[in-house]
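The values are calculated or read from the model by the stated rules, or taken from the named source; none is laboratory data. What you see is a predicted model; the values in this text were computed from it and never measured. A quick note on method: Cβ atoms are made from the backbone with ideal geometry, for glycine too, and the neighbour counts reach across all protein chains shown. Ligands, DNA and RNA are excluded from the accessible area calculation, which covers all protein heavy atoms including side chains. Shrake-Rupley method; radii C 1.70, N 1.55, O 1.52, S 1.80 Å.
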Amino acid sequence: MLDVRRIRQDFPILRQQVNGRPLVYLDNAATTQKPRQVIEALVRYYETSNANIHRGIHTLATRATEQYEDARRKVARFIGARGPEEVVFTRNATEAINLVARAWGDEHIGEGDEIVLTLMEHHSNIVPWQLLARRKGATLRYAGITDDGKLDLDELRRLIGPQTKLVAVTHMSNVLGTINPVADIAEMAHRAGALLLVDGAQSVPHLPVDVQALGADFLAFSAHKMLGPTGVGVLWARAELLEAMPPFLGGGDMIAVVRPESSTWAELPHKFEAGTPNIADVIAFGAAVDYLEGIGMANARRHEEELTEFALERLRRVAGVRIFGPSSASERGGVVSFAMEAAHPHDVATIADGYGVAIRAGHHCAQLLMRALGVPATSRASFSIYNDVDDIEALVEALEGVNRVFGEGRERTAVR
Ligand SMILES: Cc1ncc(COP(=O)(O)O)c(C=O)c1O
């Protein structure tokens, strides 16, 4: 059991009232709040160590470089990478996926090749592949979802064939919460001679993720969804893949030797980090990783699974609520999307805000999934380590308020 009361004391933002009610923050799939340890790491860096890295030899530059590279080592250890050279810092998960689409995709994808995706992908794991396919004359194929909101693995298996060069799937859906069996998908992809990119934006913050066990070739995720600052993402890839890839962006810090006509590249991972990086936020991200390790990812997962189970059970009892995604909490992360008969998701979120409850409404950057579900938008509550059952009760109270404002939803409650 997590000591949520103690954990909440580390998150100053949670102490406030919103619309006269204590803030209940249930929009963690969009971004999580930051513990004071992360905020203090940022302040400490600027107050004691600020300098540009990898270049200067003075004391501050050496200290900043050491702290930046220390954060890289922490991240590498956190995901089970073979070494820090396999961890490339980007701006966010989106940029990490674009990096692969450009640097790997432009070299390895050609006319007639196929890239296999799923209908539950976030736009950031769709659009870079559309751009690549257009540049190269390749084709995109999409595996659909089952009625209970799981990935249709039979269809995925059928779609992966001799033309497939890459399979790109989310580890955990940001809408349905569905956790996909990535190790099985890696086997399918590799049997066909394709590589697997995993979008870990929702999984790495909430589940124990070990890249060796995943069997993936690329993994992308964002610091801001795992208690860290905005402006930092991670691309992990096997070193031999990164070694063979050309740079994504050119400039300072990513070169070995520059000559008038051409240049040679710096060692991994610096080849992929052109220009001055987001030094302060990377260092503060290291503090976020420390914080999560202190909690323990297995403990975080257990807590969020229990909370999800409780939320599913409570929301099923609210009139007119239809829940999307797998019915069992063991098959999903702490994300619950739902529709209400009585009101549009935007109205639901607006009324919830009046109760101090922050939830998300919209297509969640997953328009293909919305179309597959047959809805324009959903409301979404998503959990983190600082949420507890009282937060779910506050959500339920708000949804009952929605029914009062818009008229009772009919008694029918369906689970999809
Ligand atoms: C599954 C998934 N992939 C990718 C992203 C993109 O993350 P970012 O905007 O930090 O690049 C998100 C963000 O919501 C997400 O939920």
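Would you mind calculating the gained length between ILE255 and ASP210 on full extension (0.36 nm times residue separation, minus the Cα-Cα distance), in nm to one decimal? The partial results should precede the final answer.
Working: separation 45, 0.36 × 45 = 16.20 nm, distance 3.06 nm.
My answer for the length gained is 13.1 nm.
How much accessible surface area, in Å² rounded to 10, belongs to the heavy atoms of TRP265 with a 1.4 Å probe?
About 120 Å², ignoring ligands and nucleic acids.
Order of 277-284, 13-20, 294-301 by packing, highest average Cβ count within 10 Å first? Display every interim value, and only then the final one.
Numbers: 277-284: 23.6, 13-20: 11.2, 294-301: 15.0.
So the peptides 277-284, 13-20, 294-301, ranked by packing, come out 277-284, 294-301, 13-20.
Using a 1.4 Å probe, what is the accessible area per residue for region 259-372, in Å²?
On the way: 4310 Å² over 114 residues.
Result: 38 Å² per residue.
I'd like the accessible area for VAL405, computed on protein heavy atoms only with a 1.4 Å probe and all protein chains in place. Round to 10 Å², please.
100 Å²
At what distance in angstrom do the alpha carbon centres of region 1-61 and region 194-249 lie from each other?
Using only Cα atoms, the two centres lie 22 Å from each other.
All other residues with a Cβ under 13 Å from the Cβ of ARG5 taken together, and with Lys, Arg as +1 and Asp, Glu as -1, what is their net charge? Numbers along the way, then the final one.
Values: positive: ARG6, ARG8, ARG15; negative: ASP3, ASP10, ASP388, ASP390, ASP391.
Within the 13 Å Cβ shell, the charges total -2.
Straight-line reach from LYS165: which lysines fall under 28 Å, measuring Cα to Cα and dropping same-chain residues less than 8 apart?
Answer for LYS165, where 28 Å is the Cα cut-off: LYS136, LYS150, LYS271, listed by chain and number.
Where in the chain are the DSSP H helices whose C-alpha atoms run 15 Å or more along the long axis and whose mean Kyte hydropathy is at least 1.0?
Values: long enough: 36-48 (17 Å, -0.33); 59-79 (31 Å, -0.80); 279-295 (25 Å, 1.36); 297-316 (28 Å, -1.07); 389-406 (26 Å, 0.52).
Qualifying helices: 279-295.
Please turn the phi angles of region 108-124 into ³J(HN,Hα) values with the Karplus equation 6.51 cos²θ - 1.76 cosθ + 1.60 (θ = phi - 60°), one per residue in order, whole Hz, x for glycine and proline.
Residue by residue, region 108-124 yields 10, 9, x, 4, x, 5, 10, 10, 9, 10, 10, 6, 9, 6, 5, 3, 6 Hz.
Excluding ALA76 itself, what net charge comes from residues whose Cβ is under 13 Å from its Cβ, given Lys and Arg +1 and Asp and Glu -1?
Working: positive: ARG72, ARG73, LYS74, ARG77, ARG82, ARG238; negative: GLU69, ASP70, GLU85, GLU86, ASP210, GLU293.
Taking every Cβ under 13 Å from that of ALA76, the sum is 0.
Rounded to the nearest 500, what is the chain's calculated 222 nm mean residue ellipticity when only DSSP H runs of at least 4 contribute -39500 (n - 2.57) each, over all residues? Working shown, then result.
Numbers: 15 runs with 160 residues, N = 416.
It lands at -11500 deg cm²/dmol.
Cut-off under 16 Å on the C-alpha distance; same-chain residues fewer than 8 positions from LYS225 excluded. Which lysines are left, in chain and number order?
LYS34
Assign unit charges at the C-beta atoms only (+1 for Lys and Arg, -1 for Asp and Glu), then state the dipole size of region 165-266 relative to its Cα centre in Debye, rounded to the nearest 20. Let's see the in-between values first.
Numbers: 5 positive and 9 negative charges, 30 e Å.
The calculation lands at about 140 debye.
Compute, for GLU85, the solvent-accessible surface of its heavy atoms (probe 1.4 Å) with the complete set of protein chains present, and express it in square angstrom to the nearest 10.
Answer for GLU85: close to 70 Å² accessible.
Over the chain, with every protein chain in place, what whole percent of the accessible area is carbon and sulfur at 1.4 Å, could you tell me?
Working: 8340 of 16800 Å².
Here it works out to 50 percent.
Provide the per-residue ³J(HN,Hα) series for region 256-268, in order, calculated from phi with Karplus coefficients 6.51, -1.76, 1.60 and θ = phi - 60°, each as a whole number of Hz, with x at glycine and proline positions.
My calculation for region 256-268 gives 9, 9, 10, 10, x, 9, 7, 9, 10, 9, 5, 4, 5 Hz in order.
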